[in-house]
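*Asks:* Once you've had a glance at the structure underneath, I'll fire off some questions.
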Amino acid sequence: MNNNLHHAMEVEVKLRLPNAESHGHVTTLLGPFHVITHRQHNLFFDGANSQLLSQRAVLRLRFYNDDERCVVSLKAKAVLVNGVSRVEEDEEDIDPKVGRDCVAEPGKLGTVENNRVLERVKEEFRVLDKVNGFLGLGGFKNVRNVYEWKGLKLEIDESAYDFGTLYEIECESSDPEEAKRVLEEFLKENEIDYSYSTLSKFAIFRSGKLPSE
């Protein structure tokens, strides 16, 4: 497992599927190409004085399959245009037990040692109060099915919010326009409705409602 994760620009195609039926259709067609299923729990944090959100950034803890793994991510300056998302991302593994402690008491994020991402957040965003520096924003669960298909790594997501379920296809690619073309062709060929995603999953979570089609 790669614990020295990256600091990079993440470029992804994001296509929204309208409902459970279209999601089921896609996952059935891609069945032979299935690699793994991740049950994820995404929880988000800001500085107590909105230091991150005010600069279009957010801190996320993502737990995999309950507490098998936990990754801390800093995401910043997300732009989503015509179904292609670009976001600055820096991430690193953290001990899941420590992660759970931080969910229970977000202030503990300020005392975690030897985590490059958290150090960066503290320095760059001036989250310096070691007791009350961080604030929990809540989060949502996501079931991610991963497929290797036509040279692409597809992630088909089912995100469970309190206000509804979002279905989405994500595909990280250095050539997003080509990946998008291949995906759109596949969906059209199989008469599966879709639309370009207009908001990130975090933005949808913050808005408190699913975007209208």
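*Asks:* How do His34, His41, His23 rank by accessible surface area computed with a 1.4 Å probe, from largest to smallest? Don't jump to the answer; show the numbers that get you there.
*Replies:* Working: His34 80, His41 45, His23 20 Å².
The residues order as His34, His41, His23, largest area first.
*Asks:* In nm, to one decimal, how far is the Ala76 label point from the Arg206 one, both placed 7 Å along Cα→Cβ?
*Replies:* The modelled label-to-label distance comes out at 1.5 nm.
*Asks:* Counting only heavy atoms of protein chains, what accessible area per residue, in Å², does the stretch 115-213 have with a probe of 1.4 Å?
*Replies:* Working: 5270 Å² over 99 residues.
Per-residue accessible area for the stretch 115-213 comes out at 53 Å².
*Asks:* Past 29 Å, Cα to Cα: identify those pairs from Lys188/Lys209; Lys77/Lys122; Lys77/Lys209; Lys97/Lys209; Lys77/Lys188, in the order given. If you can, show how the numbers build up before the last one.
*Replies:* Working: Lys188/Lys209 27 Å; Lys77/Lys122 18 Å; Lys77/Lys209 22 Å; Lys97/Lys209 31 Å; Lys77/Lys188 32 Å.
Checking Cα-Cα distances, Lys97/Lys209; Lys77/Lys188 exceed 29 Å.
*Asks:* Can you sort Asp162, Asp67 by 1.4 Å-probe accessible area, starting with the largest?
*Replies:* Numbers: Asp162 170, Asp67 75 Å².
Final ranking, largest accessible area leading: Asp162, Asp67.
*Asks:* Moving on. Could you check the simple spin-label distance between Tyr64 and Glu105, using points 7 Å along Cα→Cβ, in nm with one decimal?
*Replies:* It is 2.9 nm.
*Asks:* Let me ask another. Who wins for biggest fluctuation among Arg62, Arg120, Arg39 in a Gaussian network model of the chain, springs between alpha carbons below 10 Å?
*Replies:* Comparing Arg62, Arg120, Arg39 in the GNM, the peak value goes to Arg120.
*Asks:* Same structure, new question: For the chain, which whole-number percentage of the solvent-accessible area (1.4 Å probe, protein heavy atoms only) is attributable to carbon and sulfur atoms? Mind dumping the intermediate values first?
*Replies:* Numbers: 5190 of 10800 Å².
Answer for the chain is 48 percent, counting heavy atoms of protein chains only.
*Asks:* Could you work out [θ]222 nm for the chain from helices alone, using -39500 (n - 2.57) per DSSP H run of at least four and dividing by all its residues? Round to the nearest 500 deg cm²/dmol. Numbers along the way, then the final one.
*Replies:* Working: 5 runs with 49 residues, N = 213.
About -6500 deg cm²/dmol.
*Asks:* A further question on this structure: Kindly report the accessible area of the stretch 1-86 per residue (heavy atoms of protein chains, probe 1.4 Å, no ligands, DNA or RNA), in Å².
*Replies:* On the way: 4150 Å² over 86 residues.
Result: 48 Å² per residue.
*Asks:* Here's a follow-up. Using a 1.4 angstrom probe and counting only protein chains, how large is the accessible area of Ser22 in Å², to 10?
*Replies:* Estimated to the nearest 10 Å², Ser22 gives 10 Å².
*Asks:* Next question. How high is the FRET efficiency between Arg116 and Ala20 when r is their beta carbon distance and R₀ equals 35 Å, given to the nearest 0.05? Intermediate values should be presented prior to the final figure.
*Replies:* On the way: r = 39 Å, r/R0 = 1.12.
In this case the efficiency is close to 0.35.
*Asks:* Let me ask something additional. Taking a ≥ b ≥ c as the square roots of the eigenvalues of the Cα gyration tensor of the stretch 22-88, is the shape rounded (a/c under 1.5), prolate (a/b larger than b/c) or oblate? Working shown, then result.
*Replies:* On the way: a/c = 3.32, a/b = 1.57, b/c = 2.12.
Note, shape of the stretch 22-88 comes out oblate.
*Asks:* Of Phe205, Phe163, which has the most accessible area with a 1.4 Å probe, and how do the rest follow in descending order? Walk me through the numbers on the way to the answer.
*Replies:* On the way: Phe205 40, Phe163 70 Å².
Sorted by accessible area, descending: Phe163, Phe205.
*Asks:* A further question follows. Starting from the Cα of Lys130, draw a straight line to each of the aspartates and glutamates and keep only those under 18 Å, dropping any in the same chain fewer than 8 residues away.
*Replies:* Partners found: Asp46, Asp101, Glu105, Glu113, Glu119.
*Asks:* In terms of the Cα gyration tensor, with a ≥ b ≥ c the square roots of its eigenvalues, is the chain rounded because a/c is under 1.5, prolate because a/b exceeds b/c, or oblate?
*Replies:* prolate
*Asks:* Another question about this same structure. Report the relative contact order of the stretch 34-145, percent, no decimals, based on alpha-carbon pairs under 8 angstrom and at least 6 residues apart.
*Replies:* Contact order relative to length: 35 percent.
*Asks:* Now for a separate question. DSSP loop GluC sites (Glu not before Pro) in the stretch 2-91 with at most 16 other Cβ atoms within 10 Å of their Cβ, which ones? Working shown, then result.
*Replies:* Details: sites: Glu10, Glu12, Glu21, Glu68, Glu88, Glu89, Glu91; in loops: Glu68.
Those satisfying the criteria are Glu68.
*Asks:* Here's another thing I want to ask about it. Is the shape of the stretch 112-172 rounded, prolate or oblate, going by the alpha carbon gyration tensor and its root eigenvalues a ≥ b ≥ c, with a/c under 1.5 for rounded and a/b larger than b/c for prolate? List each step's numbers first, then the result.
*Replies:* Working: a/c = 3.96, a/b = 1.80, b/c = 2.20.
The shape class here is oblate.
The values are calculated or read from the model by the stated rules, or taken from the named source; none is laboratory data. Small disclaimer: the values here were computed from a predicted structure and weren't measured. We place every Cβ from the backbone using ideal geometry, glycine too, and count neighbours over all the protein chains shown. Note: accessible area is taken over every heavy atom of the protein model, side chains too, but ligands, DNA and RNA are not part of it. Shrake-Rupley method; radii C 1.70, N 1.55, O 1.52, S 1.80 Å.
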